[in-house]
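Take a look at the structure below.
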Amino acid sequence: MRLMDVVDSELLPGVITTRIDDAVGWARKYSIFTYPFVTACCGMEFMSTACSHYDLDRFGAAFPRFSPRQADVLMVVGTISHKMAPVLRRIYEQMASPKWVVAFGVCTCTGGFYDNYATVQGIDKIVPVDVYIPGCPPRPEAVLKGLMLLQEKIRKQGWKGQ
Amino acid sequence: MNATATQRRTYLLNMGPSHPAMHGVIRLLLELDGERVVKADAEIGYLHRAFEKQAEDDCWNNVIPYTDRLNYVSPLINNVGYCLAVEKLCGIETPERCQYLRVIASEISRVTDHLTCVGASAMELGAFTVFLYLMQAREVLYFCVDKLTGARITTSYTRIGGVKADLPEGFETMVHDAFRKVREAVRESDALLTRNRIFMDRMRGIGVLPRATALAYGVTGPLLRAAGVPYDLRRAQPYLVYDKLDFEVPVGSQGDNFDRYLVRLAEIEQGMRIVEQCLRDMPAGPVRSSDPRLLDAAEMADAGKRGETGRLSGSDADGDPTLEGTGERFKAGISAPAPDAVLPTKERAYGSIEGLMNHFELVMWGRGVTPPPGETYFAVEAGNGELGFHVVSDGSRRPYRVRVRPPCFFNMAALHTMLEGGTVADIIATFGSINMIAGELDR
Amino acid sequence: MSSVRETLRAELGAAVLSARGEGLDSVLVLDAGAVPGALARAQALGCNVLVDITCVDHLRWVPAGRGTPSHPDRMPRWELPKPPSRFKLVYRLMALDAGQGAVRERLALECWLEGDAGPASARSLWPNADWLEREVWDMFGVRFSDRPDIKRILMYEEFVGHPLRKDYPIGKRQPLLGVDDGAAPAALSDEELRPSPGGKRP
């Protein structure tokens, strides 16, 4: 089904119809406030992606909010150690619904090549993850792809959020 | 109600570990008297990834990727530092061209490091434009690094006894173009910041680290130079070919945030000068010609597998440009003649049984580079100061111990002296000028 | 002017057990009891920078002929000296000419510890020894005699053990704090933990 239909009639000029679910999903998709939970190397690529060359702003997702209360996408960027894990969990819990989590970089996905006593083997042991972006660190192109996947997911979820 | 006495109490504020102005994870426990910081206590370790333990668990060459992620803003310097330490232990001397390549790589990395630091700390003081300009400048350097090493950030460019590949085609032009853009961005940022009243007020006389305190805390790098001590390992204990290069060691006088900013800005220019000199002076590399003996590397591998080694002996492998360290034409320039540490050329590996065995001895699990037992310490000048590697070998295929002396650790140990007595708002400016990198701080 | 190294050797006499290395790689191996005095003396003689304090655990340092536990399949090609004890502490000092930025001298002082008992703290000489000693305690469990209440620095307080000791398996994870409330998967059990380093791959 199409997202929107333009009603072309004499009675209702310039009106489009859609389902509320689609409209909300569509609006949410383009108004992402991210919380960059930047810990490590991936932060460098996150900076590159967010700055003018790759320009995250094109996707309506550039506005970082450093208060979890105001953010709806938690971008976990970089390795999470056992010492950091409780902090991540707490920030996730402070965020208001609907909320999504992006695991940015292979350390957040699986622990990467840090298979040792100090590193959490994937943040999905701590918080639920919506999109995984592997790479060590992922190139900005991969990040944009991941973001578009998340937007698609948000659009499809529509009104109910998650 | 009639109050006769007031009670003064200090207020405890927790800053971090996830804070917008904390680039990197660190927690500051601040004891405040109004706006004034009475006591600042830094809690580190939030990015402890067990580098040193991990190094003991892997072969000598496999540690190189972990070193990328120590100071991830200038990974190439870590690669070079680690390899130089292991080479010192093994007694390997690399060819001159390889040393120039390592210097080029290190200095490009140093420029990206300083660009990031200046840009990020300016952004935190509200100068967002500068941040975007400098990030764009960093981006063009990342393209060069990408071309040279195959990766933007996690480069793993060096090998024990050499580097991975020679300069790619057109690298020189690319670097000159990139430096033109970097100079332009730095000039614009300089115009926006250096005489800017707001910026100067936030930076001058703030976060002062006097010379005596800096020395007592073992602080090195731009922080020490900003305090007036011209200590630069590239000058004090020249390694690679730094003694042949002409560069200045910029110093400050006060040791405040502004001096650190100026020192970094000057070092960006010096770093670019060094790279330009290297590109001019380095010994010529192999000539890329359409040699009739050139054989496609994949074809060569297939021929080797079929046992047709006879026709391989006189031909050169033509591999992917990023693998141009593996063929006979390039090998001599970029790798030391040390068969027990450096992989044989593709021609030898596919063309002779000795070469094949040599290759296997170095890459198979349980085999690899085996430095003689002993220990050594080697330090290079990284973006933040003296980056030392203390490597211990028990003669086996894994490092017995790799200790990193991270420059950040010492800068952060001295952080409280810079914050105490200042105001809460100054923490952002001071912290930004220190350039804390959690990867090397916590390892 | 004689070097700090030579002056220390002359002054400390029998407390200097051995010396090796030349120039910037000079190392003096000292009796553990003589370390605090030697550090103070070195500072007085001009070693103004404490470059590093670190430790090496020699638990798996096996003399020649017995194979190494980390590589049971290989015999070492070299004769290894038998370590006098388990932990070796290394103090790395530098005499820096602050005006010229030139390194006058570098000197490493080493000492072998009895058990995990370290010498007295060097905090009063160089303030950065505070963090360095905390790290040595955290990673190796070496106690500095006048710091009974020393705090961990890289690991969290609840962490049990000292990870850089050779008998701490690299894969031995400890429960994740603050997240084991049933909503998230529990931390790894002992069975899920990886065996010690030697058995990582076949």
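Tabulated data for the structure shown
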item	result
Condition broken by B:THR345, with the remaining ones in (1) farther than 27 Å from B:ILE268 by Cα; (2) within 14 Å of chain C (Cβ to nearest Cβ); (3) touching an Asp or Glu at 6+ places or on another chain (Cβ under 8 Å) satisfied	(2)
Selection from segment B:235-269 of residues that are part of a loop (DSSP other than H, G, I, E, B) and within 14 Å of chain C (Cβ to nearest Cβ)	B:GLN237, B:PRO238, B:TYR239, B:PHE247, B:GLU248, B:VAL249, B:PRO250, B:VAL251, B:GLY252, B:SER253, B:GLY255
Qualifying position, being within 26 Å of B:ARG152 (Cβ to Cβ) and in contact with a Gly (Cβ under 6 Å, 6 or more places away or on another chain), among A:PRO137, A:PRO86	A:PRO137
Yes/no for C:ALA38 being aliphatic (A, V, I, L, M), more than 14 Å from chain B (Cβ to nearest Cβ), closer than 24 Å to C:SER121 by Cβ and part of a helix (DSSP H, G or I)	yes
Residues (more than 30 Å from B:LEU223 (Cα to Cα), at pLDDT 80 or above and within 11 Å of chain B (Cβ to nearest Cβ)) located in segment C:71-100	C:PRO83, C:LYS88
Test: residue in segment B:184-199 that is basic (Lys, Arg), modelled with pLDDT of 90 or more and surrounded by 23 or more Cβ atoms within 10 Å (Cβ to Cβ)	no
Among the residues listed as B:GLU386, B:GLU375, B:GLU354, the single one being out of contact with any Leu (no Cβ under 8 Å at 6 or more places or on another chain) and either assigned by TED's automatic domain parsing to the domain that holds B:ILE108 or closer than 25 Å to B:ARG159 by Cα (or both)	B:GLU354
Out of B:ARG180, B:ARG195, sole residue that is assigned to a helix (DSSP H, G or I) and not hydrophobic (A, V, I, L, M, F, W, C)	B:ARG180
Cβ pairs under 9 Å, 6+ apart, first in segment A:103-121 and free of Cβ contacts under 8 Å to residues at least 40 places away in the same chain and at the interface with chain B (Cβ under 8 Å from one of its Cβ atoms), second among the small types (Gly, Ala, Ser) and assigned to a strand (DSSP E or B)	A:TYR114/A:SER81; A:ALA118/A:SER81
The one condition in (1) of a type in the set (A, V, I, L, M, F, W, C); (2) assigned to a loop (DSSP other than H, G, I, E, B); (3) within 11 Å of chain C (Cβ to nearest Cβ) that B:LEU224 fails to fulfil	(2)
B:GLU276, sole failed condition from (1) surrounded by fewer than 18 Cβ atoms within 10 Å (Cβ to Cβ); (2) touching an Asp or Glu at 6+ places or on another chain (Cβ under 8 Å)	(2)
Residue check for B:HIS390: within 28 Å of the chain's Cα centre (by Cα), on the phi < 0 side of the Ramachandran plot and at pLDDT 80 or above	yes
B:ILE92 vs. criteria buried (at least 24 other Cβ atoms within 10 Å of the Cβ) and in contact with a helix residue (DSSP H, G or I) (Cβ under 9 Å, 6 or more places away or on another chain)	no
Answer from B:LEU84, B:LEU70, B:LEU115, B:LEU76 - the residue that is out of contact with any Lys or Arg (no Cβ under 7 Å at 6 or more places or on another chain) and either within 14 Å of chain A (Cβ to nearest Cβ) or farther than 15 Å from B:ARG405 by Cα (or both)	B:LEU76
Odd one out for B:LEU441, checked against (1) closer than 26 Å to B:TYR100 by Cα; (2) within 11 Å of chain C (Cβ to nearest Cβ); (3) in contact with a Cys (Cβ under 7 Å, 6 or more places away or on another chain)	(1)
Residue selected from segment C:107-132 under the condition under 11 Å from the mean Cα position of the chain (by Cα) and within 18 Å of C:ALA34 (Cβ to Cβ), by the criterion nearest to the other protein chains (Cβ to nearest Cβ)	C:GLU110
Residue under evaluation B:VAL219, criteria (1) farther than 28 Å from B:VAL424 by Cβ; (2) in a loop (DSSP other than H, G, I, E, B); (3) of a type outside the set (Ser, Thr, Tyr), criterion not met	(1)
Conditions (1) small (Gly, Ala, Ser); (2) surrounded by 21 or more Cβ atoms within 10 Å (Cβ to Cβ); (3) in contact with a helix residue (DSSP H, G or I) (Cβ under 6 Å, 6 or more places away or on another chain); number of the one not met by B:SER396	(3)
Residue check, A:THR79 at the interface with another protein chain (Cβ under 10 Å from one of its Cβ atoms) and either at pLDDT 90 or above or touching an Asp or Glu at 6+ places or on another chain (Cβ under 7 Å) (or both)	yes
Selection within segment B:363-386 - touching a residue at least 24 places away in the same chain (Cβ under 8 Å), away from every other protein chain (no Cβ under 11 Å) and not small (Gly, Ala, Ser)	B:VAL369, B:VAL380, B:GLU381, B:ASN384
Test: residue in segment B:169-182 that is within 11 Å of chain A (Cβ to nearest Cβ) and out of contact with any Phe, Trp or Tyr (no Cβ under 9 Å at 6 or more places or on another chain)	no
Residue among A:CYS42, A:CYS51 that is free of Cβ contacts under 8 Å to residues at least 24 places away in the same chain and crowded, with 22+ Cβ neighbours inside 10 Å	A:CYS51
Residue ranges of helices (runs of 4 or more DSSP H) in segment B:323-385 with at least 2 members modelled with pLDDT of 80 or more and surrounded by fewer than 16 Cβ atoms within 10 Å (Cβ to Cβ)	B:353-363
Out of B:VAL86, B:VAL130, B:VAL80, B:VAL111, sole residue that is under 27 Å from B:HIS19 (Cβ atoms), touching a residue at least 60 places away in the same chain (Cβ under 8 Å) and surrounded by 24 or more Cβ atoms within 10 Å (Cβ to Cβ)	B:VAL130
Any hit, segment B:417-426, residues being within 20 Å of the chain's Cα centre (by Cα), over 24 Å from A:PHE37 (Cβ atoms) and modelled with pLDDT of 90 or more	no
Flag for B:LEU47 being touching a residue at least 12 places away in the same chain (Cβ under 8 Å) and at the interface with another protein chain (Cβ under 9 Å from one of its Cβ atoms)	yes
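The values are calculated or read from the model by the stated rules, or taken from the named source; none is laboratory data. Values in this document were obtained by computation on a predicted structure and should not be read as measured data. Neighbour counts are summed over all protein chains in view; Cβ atoms, including those assigned to glycine, are modelled from backbone coordinates with ideal geometry.
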